[in-house]
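Q: Quick one: the structure is below, and I'll ask about it shortly.
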Amino acid sequence: MRRRARDIDTVSGATITSEAYKKSLQATIDENAKTAAKASASPTQAASKTVDGTAVDTEKGTVQVQVTFEGDKISAVKMLQQPNHPQTTAAVPKLVAETLEAQSADIDTVSGATITSEGYKESLQAAIDAKG
């Protein structure tokens, strides 16, 4: 089942920002769906594309992800850089799993790895934006 931006919870205390984010996210999802539909209508199969997100410097260390897309779908996420910290190491599989489920950067922050989670989401969104 495909999730839509409207399926994502609003953050308490940031209702206006959350609603604007969901609207922007939905526009991106819709545009990617149109692009994918055009690609699937052509005789060539949509190719795999790998995009590196921005390296985000946090107080714990640099965070950078690499995202692989199959058509308009996020098929894999790899950490290129991450803080050398046990909580970060434990958080990464959770962040990747949530990304693959949500197919977006609108995912929950992992408790105990808030700074890394925020850097991850920023780098992830940059990669999604750069895919075009």
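Q: Sorted by packing (mean other beta-carbon atoms within 10 Å per residue), highest first, where do 84-93, 103-112 land?
A: Order by mean packing, descending: 103-112, 84-93.
Q: Now, a different point. State in Å² the accessible area per residue of segment 49-132; use a 1.4 Å probe, count heavy atoms of protein chains only, and round to the nearest integer.
A: Solvent-accessible surface per residue comes out at 48 Å².
Q: Quick one: give the max-minus-min coordinate of the C-alpha atoms of segment 59-125 along each principal axis, largest first, in Å.
A: Result for segment 59-125: principal-axis Cα extents of 34, 20, 17 Å.
Q: Okay, moving on. Taking 0.36 nm per intervening residue step and subtracting the Cα-Cα distance, what contour gain separates residue 80 from residue 57 on full extension?
A: 7.0 nm is the gain from fully extending residue 80 to residue 57.
Q: Give the peptides 73-81, 116-124, 59-67 in descending order of average Cβ contacts within 10 Å, highest first.
A: Packing proxy ranking, top to bottom: 116-124, 59-67, 73-81.
Q: Would you mind getting me the FRET efficiency between residue 34 and residue 94? Use the beta-carbon distance for r and R0 = 22 Å, nearest 0.05.
A: 0.10
The values are calculated or read from the model by the stated rules, or taken from the named source; none is laboratory data. The structure displayed is predicted, hence computed values, not measured ones. Cβ coordinates were reconstructed from backbone atoms using ideal geometry, including for glycine residues, and neighbour counts include every protein chain displayed. Surface accessibility is based on the protein's heavy atoms, side chains included, excluding ligands, DNA and RNA. Shrake-Rupley method; radii C 1.70, N 1.55, O 1.52, S 1.80 Å.
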